[in-house]
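The values are calculated or read from the model by the stated rules, or taken from the named source; none is laboratory data. Since the model is a prediction, treat every value here as computed from it, not as a measurement. Heads up, the Cβs are rebuilt from the backbone with ideal geometry, glycines too, and the neighbour counts pull from every protein chain shown.
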Amino acid sequence: MSLKDKNILLGVAGGIAAYKVVQVARDLTVAGARVHVMMTPGATRFITPLTFQSLTRYPVHTEVWEYWTQEAQGHISLAREADLALIAPATADILARLALGLADDIITTTMLGLPPGVPVLLAPAMETHMYEHPATRQHLQTLVERGAQVIEPGYGNLASGAVGTGRMADPAQLVSAVRLAFGRMGGDLHGKRLIITAGGTQENIDPVRYIGNRSSGQMGYALAEEALARGAEVTLISGPVKLAPPFGCNFVGITSTLQLEQAVHQALENPAAKADVLIMAAAVADFRPASPSEQKIKKDGSGQAPNIELVLNPDILAGLKGRPGLGGLLKVGFAAETEDLTFNAEKKLQSKDLDLIVANDAVTSIGQPDNEVTLIERSGMITNLERSPKRVVAGAILDKVVEILAKR
Ligand SMILES: Cc1cc2nc3c(=O)[nH]c(=O)nc-3n(C[C@H](O)[C@H](O)[C@H](O)COP(=O)(O)O)c2cc1C
């Protein structure tokens, strides 16, 4: 769901991670949101209000005692007009004050006045012992019981030099969490379950070598991000890539095609979460070494390279044809070709019994940040999209998915 013209309250408390929240304010603003920053006195010791004001182009609120005019009534207007509130970094102190319902600064006073139903996201950031302290745990639990969503901190280097849990989630994850929260409030895929595969597979030759491909995972991850932002529940099954799993997805890591096949079957067979859509964006290896060596293959001194016998991998999508229990599953495939793109893609659509196939040029799409694709539907309808960033392409693919789902 678009962030355009959404009123987002961004409460910044006095933790060192405040510097990362500058990026969050910037990214949300660039995405079209109106970002209204509130800061505790502690936060202003780390970052100046001017930094946020310059980036968001809205006044930054640091006091309860200001902005009472005909048009704006301080914390009352801020709370009344908010579509979502994000507290980042959420210090131990502000969590305690929010849990107790104190109203002793602009953030806590505004948060008390928030109308019911406005999503509240908390991004804790603090030293491990502070985070694990029973007081902090209890305050977080209280806030969750009242409906707040916690964007869990990660494990890693903390500002003190220590290593542990308490590191605030990355700015990109915070932005994804905001998108997800809006998606869950009426995105066009709200209530739908999507399984998306991404990245390339690796087929072992021996313990250190494999047959792989140049897939970066960008297309599948963009689809997952976009689907989450539209309110879908997403299971992302991914080969090894350098991307962080999008916030809020159910992530399954795989390496080989056989593992991918098993993971897809498991996700499809989950009785508690029947999938509505399967999008196979992973670059699957068509062949694998017949018998991978358990030891590293050495030069044997004969002057000859070893012959590696290959066997066919299963065609995962084709294998789902006629599989019981999948009635109503919308299947989307990708065809990466180097010649006769549309012809070959149409053939695949039919032979694999797909609802939609995304045809792209294998050479100019794989591993690249943007893509030029042709969408071919079961009905024969063909849509050519101009070369665009993969996030935009993902949006167009999901528009088609929504369209096809609506016709059913
Ligand atoms: C350099 C420095 C870094 C700090 N980092 C954190 C932090 O990451 N998380 C936290 O909970 N408190 C941190 N604190 C302590 C808070 O600033 C302190 O508890 C303060 O009262 C928080 O108030 P506020 O949440 O109202 O801004 C830090 C303090 C200093 C001096």
(message) Given the criteria within 26 Å of the chain's Cα centre (by Cα) and either of a type in the set (Gly, Ala, Ser) or at negative phi (or both), does Ala275 qualify?
(response) yes
(request) Filter the stretch 1-18 for residues that are more than 11 Å from the ligand (Cβ to nearest atom) and at pLDDT 95 or above and give the result. (result) Lys6, Asn7, Ile8, Leu9, Leu10
(message) Take the conditions modelled with pLDDT of 90 or more and either surrounded by 15 or more Cβ atoms within 10 Å (Cβ to Cβ) or in contact with a Leu (Cβ under 9 Å, 6 or more places away or on another chain) (or both) and apply them to Leu398. Does it pass?
(response) yes
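Counting only residues that are free of Cβ contacts under 8 Å to residues at least 40 places away in the same chain and among the hydroxyl-bearing types (Ser, Thr, Tyr), which one in the stretch 360-377 is farthest from Lys242 (Cα to Cα)?
Only one residue tops the list, namely Thr374.
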(message) Yes or no: the stretch 154-166 includes at least one residue that is touching a Pro at 6+ places or on another chain (Cβ under 6 Å), surrounded by 24 or more Cβ atoms within 10 Å (Cβ to Cβ) and not assigned by TED's automatic domain parsing to the domain that holds Glu337.
(response) yes
(message) Could you tell me how many of the residues in the stretch 337-373 are within 22 Å of Ala224 (Cβ to Cβ) and over 24 Å from the mean Cα position of the chain (by Cα)?
(response) 4
(request) Consider only pairs whose beta carbons are under 8 Å apart and that are at least six residues apart or on different chains; among these, list those whose first residue lies in the stretch 177-188 and is free of Cβ contacts under 8 Å to residues at least 12 places away in the same chain and whose second residue is buried (at least 21 other Cβ atoms within 10 Å of the Cβ). (result) none
(request) Tell me which residues, restricted to the stretch 199-241, are over 23 Å from Gln262 (Cβ atoms) and in a helix (DSSP H, G or I). (result) Gln218, Ala222, Glu225, Glu226, Leu228, Ala229
(request) Return only the number of the condition from (1) within 15 Å of the ligand (Cβ to nearest atom); (2) surrounded by fewer than 18 Cβ atoms within 10 Å (Cβ to Cβ) that Gly32 does not satisfy. (result) (1)
(message) Looking at (1) in contact with an Asp or Glu (Cβ under 7 Å, 6 or more places away or on another chain); (2) at pLDDT 95 or above, which one does Arg391 not meet, given that it meets all the others?
(response) (2)
(request) Identify the single condition in (1) in the same structural domain as Met219 (by TED's automatic domain parsing); (2) out of contact with any strand residue (DSSP E or B) (no Cβ under 6 Å at 6 or more places or on another chain); (3) not in a helix (DSSP H, G or I); (4) not aliphatic (A, V, I, L, M) that Gly333 does not satisfy, given that it satisfies every other one. (result) (2)
